[in-house]
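> One structure, pasted below without further comment.
The values are calculated or read from the model by the stated rules, or taken from the named source; none is laboratory data. The shown structure was predicted, so the numbers you read here are calculated from the model rather than taken from an experiment. In this analysis, Cβ positions are derived from the backbone assuming ideal geometry, glycine residues included, and neighbour counts consider all displayed protein chains.
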Amino acid sequence: MAEQDGSTTQENEGVETRADVDELLAECGFDAETSTLTRRQAEVLAMRERGRKQETIADLLGTSRANVASVESRARENIAKSRTTVAFADALSAPVRVEITPGTDLYEIPDEVFEVCDEAGMKLHHTAPDLMKLISDAAIDAIQGREVRQRLFVTVADDGTVQVQTA
């Protein structure tokens, strides 16, 4: 939506009324029956993702900014938990699963993963440096320098997707 001076701002676009919020959730495919988010959490996240300020959302929903902040925080926590659950489910069905024990050198991990992939007849579309970066980025708190400090599980799905989980 253009302002009178011709510029646009996300804050002034799209969500102005409760009906706009309902339409936005419908467009995004939100279904309270199947979602891990409450309707209120979905409303707040949808508006925040479209640049709305917490204070503006609070006014629209008839609540306080502090309540909106709390709802947003819980929603983001629920999403993180859902992602972790999906990663766990994917790891259960992954044809390749490699346990990396504490004390392992980060530089040794690609060879271990490549070997298990070869045994399973899978082609991994990563170079050793790419795989080390992927693993160290995913398990940043479990690796210090080149040393693995916590047990890790590296899984490779049928499509070659690599996931890393800490134990």
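> Out of region 15-30, which residues are assigned to a loop (DSSP other than H, G, I, E, B) and surrounded by 12 or more Cβ atoms within 10 Å (Cβ to Cβ)? Can you show your working first?
From region 15-30, those assigned to a loop (DSSP other than H, G, I, E, B) are 15-17, 29-30; that's our starting set.
Correct list: 15, 16, 30.
> Something else now. Just to be sure I understand, how many residues within region 51-68 are in a helix (DSSP H, G or I) and either within 19 Å of the chain's Cα centre (by Cα) or surrounded by 15 or more Cβ atoms within 10 Å (Cβ to Cβ) (or both)?
Quick first cut of region 51-68, residues in a helix (DSSP H, G or I) only: 54-61, 65-68.
Of the ones still in play, those that are also either within 19 Å of the chain's Cα centre (by Cα) or surrounded by 15 or more Cβ atoms within 10 Å (Cβ to Cβ) (or both) are 54, 56-58, 60-61, 67-68.
The qualifying residues number 8.
> Within region 135-159, how many residues are at pLDDT 90 or above, within 24 Å of the chain's Cα centre (by Cα) and over 20 Å from residue 89 (Cα atoms)?
9
> Step by step: first the residues of region 147-163, then only those that are surrounded by 17 or more Cβ atoms within 10 Å (Cβ to Cβ) and without any contact (Cβ under 8 Å) to a residue 60 or more places away in the chain, then the one that is farthest from residue 86 (Cα to Cα). Which residue is that?
Within region 147-163, the match that is farthest from residue 86 (Cα to Cα) is 148.
> Is it the case that residue 165 is part of a strand (DSSP E or B) and in contact with a Ser or Thr (Cβ under 9 Å, 6 or more places away or on another chain)?
Working: part of a strand (DSSP E or B): yes; in contact with a Ser or Thr (Cβ under 9 Å, 6 or more places away or on another chain): yes.
Judged against the criteria, residue 165 is a match.
> With modelled with pLDDT of 95 or more and under 30 Å from residue 159 (Cα atoms) as the only criterion, which of 76, 65, 83 stands out? First the steps, then the outcome.
Values: 65 fails: under 30 Å from residue 159 (Cα atoms); 83 fails: modelled with pLDDT of 95 or more.
Checking each option against the conditions leaves just 76.
> Just one of 106, 37 is buried (at least 16 other Cβ atoms within 10 Å of the Cβ), in the same structural domain as residue 144 (by TED's automatic domain parsing) and either closer than 30 Å to residue 146 by Cβ or modelled with pLDDT of 95 or more (or both); which is it?
106
> Now, a different point. Does any residue of region 111-133 turn out to be at positive phi and either at pLDDT 95 or above or in contact with a Leu (Cβ under 9 Å, 6 or more places away or on another chain) (or both)?
no
> Pairs needed: first member in region 25-44, touching a residue at least 24 places away in the same chain (Cβ under 8 Å); second member anywhere, of a type in the set (Lys, Arg); C-beta distance under 8 Å; at least 6 residues apart or different chains.
36/81; 41/74
> Now for a different question. From the list 98, 86, 71, which residue is part of a strand (DSSP E or B) and either within 23 Å of the chain's Cα centre (by Cα) or at positive phi (or both)?
98
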